[in-house]
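Q: Encoded as structure tokens, here's the structure I'll be asking about.
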Amino acid sequence: MAPAFSTGRSITGLRYGREEDVIERSSLSAAQNPRLRRLTLHGNRYTYRVAGEGPVVVLIHGIASESSTWQLVMRDLSRRFTVIAPDLLGHGGSAKPTGDYSLGAHASIVRDLLLELGHDRATFVGHSLGGGIAMQIAYQFPERCERLVLVDSGGLGREVGFLLRAATLPGAGFVLPILTSSRVLGAGRLAGGVLGSLGLRAGTDLRESARGHATLGDRATREAFLRTIRSVVEPSGQRVDATDRLYLAERAPMLFVWGEHDSLIPVSHAHTAHQQVPSSRLEIFTESGHFPQLDEPARFVEVVSDFVTSTTPSAVAGVPPDGVRA
């Protein structure tokens, strides 16, 4: 993997900033919309949501998304767990510098954020790109990973939607500003025409993809998106395939969650990965596309909660488990 921002197990001596609350406009109540907070890590600003008490569960969103994608499940998960949902580097309210956007870099930042918030270990739940980051954490920092939940995850096969592959083509940086201009988005032609014609499932997949691409009108966000997508996808498909290394993460209990109608990453990836890790669990959400946490939030909470409370966290020599079984 590409070099990360930091590779040591200790964050002693690194520069951190004071944690602050971010005032956020929202129609949701405080209980439904956990406070967005921020801190400075390695000289960059990061925003994240946190709620609840108990065993730590870290929710990692996908590309062109942000921590708000977990809002429908955070409230109920936080009744039993400490839930942390960061905005990844280059996404949401976090910094968008010119730098390293590889899986290894993202994994190191999530690890350092976890430690800065006072937690040694966690169950990592990764959606789409976030699944690749969660796997990278399990490989790179196994002592930090108690369990692994991969939700419609990238990195488990070559196939990926045309829209993401197209973003890696030469000249994409010049085309994206046109597709994400306020005139095009305001007319609805992007969501209803371009995205729909590319095979995205009507409903959540289409809506969330349109919302994510709307953020790319901002130059810094767009450049961060291109650096990120090109680190994991190429015109012919996903360039990172972790299936030959899944055994390295098998020391931790593993759950695959997938929407049966995913129009970005096929459900066949889940079945193949599950077969490669016989000890893993597989949950197919029959009413969901690429975003089961949004399509079927109640079931998502039930499945993840049962997985965390019914499994024993991975044991790493010298590091006591932090999980609590119900």
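Since every read-out is calculated from the coordinates, none of them should be taken as a lab result. Because the structure is a prediction, the values reported are computed rather than measured. With ideal geometry, Cβ positions are generated from the backbone for all residues, glycine too; neighbour counts draw on all protein chains shown.
Q: Rounded to the nearest 0.05, what FRET efficiency is calculated for His119 and Arg245 with R0 set to 25 Å and r the Cβ-Cβ distance?
A: Calculated transfer efficiency: 0.50.
Q: In a shell of Cβ-Cβ distance under 13 Å around Glu250, excluding Glu250 itself, what net charge do Lys and Arg (+1) and Asp and Glu (-1) give?
A: With Lys, Arg at +1 and Asp, Glu at -1, the net is +3.
Q: What does the charge add up to near Leu169, with Lys and Arg as +1, Asp and Glu as -1, over the other residues with Cβ less than 13 Å from its Cβ?
A: In short, +1.
Q: For a Förster distance of 30 Å, can you work out the FRET efficiency between the beta-carbons of Thr40 and Glu143, rounded to the nearest 0.05?
A: 0.75
Q: Same structure again: Using the basic label-point model (7 angstrom from Cα toward the beta carbon), what is the Phe162 to Thr309 distance in nanometres?
A: It is 4.5 nm.
Q: Quote the Stokes-Einstein diffusion coefficient, in whole µm² s⁻¹, for the range 216-326, based on the Kirkwood radius over alpha carbon pairs, a temperature of 37 °C and a viscosity of 0.692 mPa s.
A: 199
Q: Between Leu282 and Arg230, take the C-beta separation as r, use R0 = 45 Å, and let me know the FRET efficiency to the nearest 0.05.
A: Rounded to the nearest 0.05, the efficiency is 0.90.
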